[in-house]
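Undergrad: Can you keep this structure in mind? I'll have questions shortly.
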Amino acid sequence: MPEQKYPMTVDGKDVHAGDTFGVCNPATGQVFAQAPDCSPAQLDDALRAAADAFPLWRDDISARRSILLAAAARIEECTEELATLLTLEQGKPLADAQFEIQVVALILRSTATLDVPREVILDDDDQRIEVLHQPVGVVAAITPWNVPLALAAMKYAPALLAGNTVVLKPSPFTPLSSLALGAVLRDVLPPGVLNVISGRDPLGAQLAEHTVTRKVSFTGSVATGKRVAAAAAPDLKRITLELGGNDAAILLDDFDLDTHVDRLFWGAFANCGQVCAAVKRVYVPRGRYTEVVDALADRARSVEVGDGMRPGVQMGPLANAPQFDRVQELVAEALAGGATAAAGGRRLDGDGYFFEPTILRDLDDGVRIVDEEQFGPALPVIPYDDVEDALARANRTHFGLDGSVWSADPERAAVLAARLECGTSWVNTHAMPTPGVPFGGHKWSGIGVAGGLAGLLSYTETKVLHVVRG
Ligand code: NAD
């Protein structure tokens, strides 16, 4: 079967590139489609199209709101096409991919309810002082491969509502669903308002430093986020960085195992552990250590792992070869250093990037899988003797995305959760971003927030209009 090619969307039209690159299905390890490798001239065209569309698009927020609502409906109509591509290129179970499309529609609708505020500070006979929020211009939206469509929506929905125009560049591992989205949205968005291009990593760098780009909204790793910040600096482009994490979950001595263990497990293993805001290490009171490890290991062994296109599968493969290699390496290193696999611990036989859901015990801070972001289906569980020490270890990291505290007494847990150094602290849950609520990281996990009014305003410049009468 010939590999299918997917065009880019520039100025509302199909654009094919001279070069293409292969997109791999992680369930088979085989290339199944080709994506355009955007040339520098085509990048210029995309940015020019966005710049040309900006003056008209920025004018009328009620029109933009209606268009976002129409976009949500159009995306829902195309759920099957988009979700299938997402599963084929990313690996997640089809039901999860379909859910991601619903989340996209929810993000668009929830964003459409927001208003760009206009605050009158003073209005008397002599003068009027107002604070306005005006769009920045052309926004570069750069996304990773784990949740490509929802993370893209968290960027273009507020950027567009605020009156900006956008060039979206998805990860080279998962370009197809975003390319398909660009084609689908041509039915509702004016040409040039949302351009979707694809290419390898250097394209992200070119987009981030291009003179037409006025803001870079980036989601991805800490290492790349720092490069984006450096690339944006000479031109003082605005940036939002949504970066990696190493979220700790601290269980208190009264942790309610029966009620909460499933939520804790899926807080770590949803999307095959490839969630920025997943539980990435668990601290457990020593007296309850074995009981908790055993319960998590039971859950791990019960998970149906397989090709996301197969009905009933709960966990797909790792999304790409580098991530598969990294998770194998981190787990092997922990096991070689004395950790025990209470469940899993190895790759599954076959061609795809499948790894057993893994619970690691008998390890401590100082092991890479505890100290670094593993971003995969392997969870270290660490005993503690003193809860203050557990908190200190949770905070002893450059990361600061999220964290959680678990207890039968939620208010007791909330006191400790407030002391976690991170953008979101949960109690008795984890990885539960909610539309309309700001989401972002402290320390190296990011700059700025997405979601809610704060997220919307990050796509604007603050402007004062000061009128002196007479
Ligand atoms: P990555 O940093 O390798 O790539 C992210 C995107 O940046 C891709 O589109 C890539 O092509 C592009 N890129 C690469 N080099 C670039 C450069 N120099 N300039 C501009 N763009 C460049 O990250 P990844 O491996 O795709 O994603 C996994 C990471 O993303 C994890 O660390 C995860 O925690 C993080 N993440 C964070 C959030 C959040 O909201 N905080 C959400 C999802 C994922």
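Undergrad: Restricted to the range 293-310, and to residues that are touching a residue at least 60 places away in the same chain (Cβ under 8 Å) and open to solvent by 20 Å² or more (accessible area, probe 1.4 Å), which residue is nearest to Asp362 (Cα to Cα)?
TA: Asp307
Undergrad: At least 1 residues that are open to solvent by 40 Å² or more (accessible area, probe 1.4 Å) in each: list the strands (runs of 3 or more DSSP E) lying fully within the range 85-149 that qualify.
TA: On the way: elements: 119-123, 127-135, 138-142.
So the answer is 119-123, 127-135.
Undergrad: Give all pairs with beta carbons closer than 8 Å in which a residue from the range 219-241 that is free of Cβ contacts under 8 Å to residues at least 40 places away in the same chain meets a residue that is open to solvent by 50 Å² or more (accessible area, probe 1.4 Å) and part of a strand (DSSP E or B); count only pairs at least 6 apart in sequence or on separate chains.
TA: From the range 219-241, the pairs are Ala232/Arg238.
Undergrad: Same structure again: Report the residue count in the range 7-47 for those that are touching a His at 6+ places or on another chain (Cβ under 9 Å) and either of a type in the set (Asp, Glu) or not in a strand (DSSP E or B) (or both). Give the derivation first.
TA: At the first step, the residues of the range 7-47 found to be touching a His at 6+ places or on another chain (Cβ under 9 Å) are 7-8, 36, 43-44, 47.
Remaining after also requiring either of a type in the set (Asp, Glu) or not in a strand (DSSP E or B) (or both): 7, 43-44, 47.
The total comes to 4.
Undergrad: Sticking with this structure for a sec: Out of everything in the range 430-470 that is farther than 15 Å from Ser217 by Cα and in contact with a Pro (Cβ under 9 Å, 6 or more places away or on another chain), what residue ends up being nearest to the ligand (Cβ to nearest atom)?
TA: Per the criteria, the residue is Gly452.
Undergrad: For the range 1-58, name all the residues that are modelled with pLDDT under 95 and charged (D, E, K, R).
TA: Glu3, Lys5, listed by residue number.
Undergrad: Still on this model: Somewhere in the range 304-318, is a residue aliphatic (A, V, I, L, M), part of a helix (DSSP H, G or I), under 25 Å from the mean Cα position of the chain (by Cα) and closer than 26 Å to Asp371 by Cβ?
TA: Of the range 304-318, the ones aliphatic (A, V, I, L, M) are 305, 309, 313, 315, 318.
After this cut, where a residue has to be part of a helix (DSSP H, G or I) as well, the list is none.
No, the conditions are met nowhere in the range 304-318.
Undergrad: Taking the condition part of a loop (DSSP other than H, G, I, E, B), buried (at least 18 other Cβ atoms within 10 Å of the Cβ) and not β-branched (Val, Ile, Thr), does Ala341 pass?
TA: Details: part of a loop (DSSP other than H, G, I, E, B): no; buried (at least 18 other Cβ atoms within 10 Å of the Cβ): yes; not β-branched (Val, Ile, Thr): yes.
So Ala341 fails the test.
Undergrad: Quick check on this structure: which one of Thr9, Thr79, Thr20 is free of Cβ contacts under 8 Å to residues at least 24 places away in the same chain and closer than 30 Å to Thr113 by Cα? Break it down into steps so the answer makes sense when it comes.
TA: Numbers: Thr9 fails: free of Cβ contacts under 8 Å to residues at least 24 places away in the same chain; Thr20 fails: closer than 30 Å to Thr113 by Cα.
Criteria check complete, one pass: Thr79.
Undergrad: Being closer than 21 Å to Gly12 by Cβ, touching a helix residue (DSSP H, G or I) at 6+ places or on another chain (Cβ under 7 Å) and open to solvent by 30 Å² or more (accessible area, probe 1.4 Å) narrows it down to one residue among Leu56, Leu43, Leu69; which is it?
TA: Working: Leu56 fails: touching a helix residue (DSSP H, G or I) at 6+ places or on another chain (Cβ under 7 Å); Leu43 fails: open to solvent by 30 Å² or more (accessible area, probe 1.4 Å).
Criteria check complete, one pass: Leu69.
Undergrad: Which of the numbered conditions does Val166 fail, given that it passes all the others? Conditions: (1) touching a Pro at 6+ places or on another chain (Cβ under 7 Å); (2) touching a residue at least 60 places away in the same chain (Cβ under 8 Å); (3) not in a loop (DSSP other than H, G, I, E, B).
TA: So the condition that Val166 fails would be (1).
Undergrad: Using beta carbons and a limit of 8 Å, which pairs, at least six apart or on different chains, have the first residue in the range 320-338 and free of Cβ contacts under 8 Å to residues at least 40 places away in the same chain and the second one hydrophobic (A, V, I, L, M, F, W, C)?
TA: Sorted first by the residue in the range 320-338, then by its partner, the pairs are Gln328/Phe355; Glu333/Val367; Glu333/Ile369; Leu335/Ala341; Leu335/Leu360; Gly337/Leu363; Gly337/Val367; Gly338/Leu363.
Undergrad: Got at least one residue in the range 385-395 being within 27 Å of the chain's Cα centre (by Cα), surrounded by fewer than 20 Cβ atoms within 10 Å (Cβ to Cβ), outside the structural domain of Leu151 (by TED's automatic domain parsing) and not aliphatic (A, V, I, L, M)?
TA: Yes, the conditions are met somewhere in the range 385-395.
Undergrad: Got a sec? Which helices (runs of 4 or more DSSP H) wholly within the range 193-292 have at least 2 residues that are surrounded by fewer than 20 Cβ atoms within 10 Å (Cβ to Cβ) and more than 15 Å from the ligand (Cβ to nearest atom)? I'd like the intermediate steps shown before the answer.
TA: Details: elements: 201-209, 222-232, 257-269.
Filter on the range 193-292 gives 257-269.
The values are calculated or read from the model by the stated rules, or taken from the named source; none is laboratory data. Quick caveat, the model's predicted, so the values are computed rather than measured. Quick reminder, even Gly has a Cβ in these numbers, built from the backbone with ideal geometry, and neighbours come from all protein chains shown. Heavy atoms of the whole protein, side chains included, go into the accessibility calculation; ligands, DNA and RNA do not. Shrake-Rupley method; radii C 1.70, N 1.55, O 1.52, S 1.80 Å.
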